[in-house]
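Notes follow once the structure below has been shown.
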Amino acid sequence: MGAFLMTLLGGWAAHRITDRRHLVLGFAGGLMLGVVGLDLLPEALEAAGHDVFGVPAALLCFVAGFLAAHMVERLLAVRKAAHGVSAAERTPQVGLTAAAALVGHSAMDGVAIGAAFQVGHGVAVAVAVAVIAHDFADGFNTYTITDLYGNDRHRALLMLAADAVAPLVGAASTLLFTLPAGFLGVYLGFFGGVLLYLATSDILPEAHHTHPAVSTLACTVAGAGFIWLVVGLAH
């Protein structure tokens, strides 16, 4: 329930700060960069420790996720251009796909909490605190990404609601099965690549395009620093 409420709080914050959109996007980009570099990749490397032809499997999946996001966006842009729509326009499907990936990530957060309770109460509390703390960023990014790509408010709120409910569903699912650690590492690596692509190709350029201000840059650094703080407190 803490994860549920924190996710909604993050989405509410992204929705309310409409007159400082560039600051919101700058902060969201920093959050995503921090989540990828300081949270997802370290966990992925630890969970999927084996190498594939001299390269850690998690890093291969990270690159695959980055390329997959790029290909999806380009293919959708080409399809729109073939129908006489400018490729420079935002593609709502990309935003929905990215938000759906965030919802999936939130469900995996719930799985992590449930699995940790199977290990021990102390471990479970630490994992739950970490999940609850960074679910603010998940809710913030889910709403921001859905809205950025041209989806209406109704869709953005629906994706936010799904992201809030996902940890509950994920935690409940651990009553039925246990997720292998190797698969978790592959998933986290792939998802990290997707997030990094979205942050670097769309969110940060959009934030700095019309408002190349120091305040926007400061928000990006603050977003990454916030995730660093969360990760540090969790450990």
Could you please report the charge total around D135, scoring K, R as +1 and D, E as -1 over all other residues with beta-carbon less than 9 angstrom from its beta-carbon? -3
How much net charge surrounds L195 when only other residues with a Cβ under 11 Å from its Cβ are counted (Lys, Arg +1; Asp, Glu -1)? -2
First select every other residue whose beta carbon is under 14 angstrom from the beta carbon of L9; then total the charges, Lys and Arg +1, Asp and Glu -1. -2
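Only the coordinates and a few stated rules stand behind these numbers; no lab work does. For clarity, every value in this text was computed on a predicted model and none was experimentally measured. A quick note on method: Cβ atoms are made from the backbone with ideal geometry, for glycine too, and the neighbour counts reach across all protein chains shown.
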